[in-house]
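Okay, structure first, notes after.
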């Protein structure tokens, strides 16, 4: 990153003298302007402001500009280049997100899926040095984004997620297995899966407990999140009149989610509203912090030479004009 700094910034306070200098010049011109009363001004109709009159003001402008530049020179402007050498203890994280139809329930704002996407996006943005990826599942599962350090691409793919992209259902085991297959060969010192769902496993050919055993084998830590309020929530229901929302019981298989996290050394969290979901991701963020060593290098280059030359030229022009064209004008 390149910025302009000043070695002696206190001298910049002298710039307040420039407006005062201009004000004094204007007042002086008004007081020294000669006046002559004439009964008829027709004789002056063909006269006007000459170039010599305008040049008189230009000389003052040169002087004011030169003074400004000299003050800047005294402050010693410098171009400062800063470089950072970052060393991290790598953490690879696969986000595994349920996109089944029940994720459109309105106990979160605006619904569970959009709330989960928004909070996950903030989580991604807050971890610039980690590789992260995204798996989505409902009745089936697939990789939306493999592990990457290009978080802009990951966030864009996150925003494109919609319920109904794949067959409906809740295949927790398949979603976890897909995430494991994407992260198991990682050479990172810490491999993490964050699995978020709002239901009970009812699809897929891999049992969640089996997938948890596989994750444990590869040293993958799994944090599970159950999203949904306590009691009942307004779920979308297809009717002959379109989609309508009906209050239905919230059913989350907390037992299996706790088993998955317990087997792999992770933790289970329950998010009952938007604020709680934010707190859950904040807690995971604290638990999985990268060790970052940042060394900063600074290179400074003096930049006072150019304004010095310009100020010298301006003052030279002013002095030259005063000793030639305006020799008798003070």
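The values are calculated or read from the model by the stated rules, or taken from the named source; none is laboratory data. Bear in mind that the values here come from a model prediction, so they are computed numbers and not experimental data. Cβ: placed from backbone, ideal geometry, glycine included. Neighbour counts: every protein chain shown.
Quick one: count up the residues across the range 208-228 that are in a loop (DSSP other than H, G, I, E, B) and crowded, with 16+ Cβ neighbours inside 10 Å.
1
For residues that are in contact (Cβ under 8 Å) with a residue 40 or more places away in the chain and within 19 Å of residue 202 (Cβ to Cβ), scanning just the range 249-272, find the one that is surrounded by the fewest Cβ atoms within 10 Å (Cβ to Cβ).
Taking the candidates together, the pick is 251.
Considering the range 155-167 alone, what residues qualify as being surrounded by 15 or more Cβ atoms within 10 Å (Cβ to Cβ) and assigned to a loop (DSSP other than H, G, I, E, B)?
Hits for the range 155-167 are 161, 163, 166.
Condition test on residue 226, is it in contact with a helix residue (DSSP H, G or I) (Cβ under 9 Å, 6 or more places away or on another chain), in contact (Cβ under 8 Å) with a residue 12 or more places away in the chain and assigned by TED's automatic domain parsing to the domain that holds residue 141?
Yes; evaluated as a whole, the condition is true for this residue.
Got at least one residue in the range 170-186 being surrounded by fewer than 14 Cβ atoms within 10 Å (Cβ to Cβ), closer than 17 Å to residue 92 by Cα and under 26 Å from the mean Cα position of the chain (by Cα)?
No, the conditions are met nowhere in the range 170-186.
Sort out which residues of the range 190-202 are in a loop (DSSP other than H, G, I, E, B), in contact (Cβ under 8 Å) with a residue 40 or more places away in the chain and surrounded by fewer than 20 Cβ atoms within 10 Å (Cβ to Cβ), and write them in order of number.
Within the range 190-202, 200 is the sole residue that qualifies.
Any residue at all in the range 29-36 that is surrounded by 10 or more Cβ atoms within 10 Å (Cβ to Cβ) and modelled with pLDDT of 65 or more?
Yes; the residues of the range 29-36 include at least one that is surrounded by 10 or more Cβ atoms within 10 Å (Cβ to Cβ) and modelled with pLDDT of 65 or more.
State which residue is nearest to the chain's Cα centre (by Cα) when the search covers only the range 90-103 and only residues that are surrounded by 22 or more Cβ atoms within 10 Å (Cβ to Cβ) and assigned to a helix (DSSP H, G or I).
Looking at the filtered set, the residue picked out is 103.
Please identify the pairs in which a residue from the range 172-189 that is assigned by TED's automatic domain parsing to the domain that holds residue 259 and on the phi < 0 side of the Ramachandran plot has its Cβ atom under 6 Å from the Cβ atom of a residue that is in a helix (DSSP H, G or I) and buried (at least 23 other Cβ atoms within 10 Å of the Cβ), counting only partners at least 6 apart or on another chain.
Pairs found: 172/208; 173/208; 173/211; 176/211; 177/211; 180/215.
Could you give me the residue pairs with C-beta distances under 6 Å whose first residue belongs to the range 119-131 and is at positive phi, whose second residue is surrounded by fewer than 15 Cβ atoms within 10 Å (Cβ to Cβ) wherever it lies, and which are 6+ apart or on separate chains?
Short answer, once both residue conditions are applied: none.
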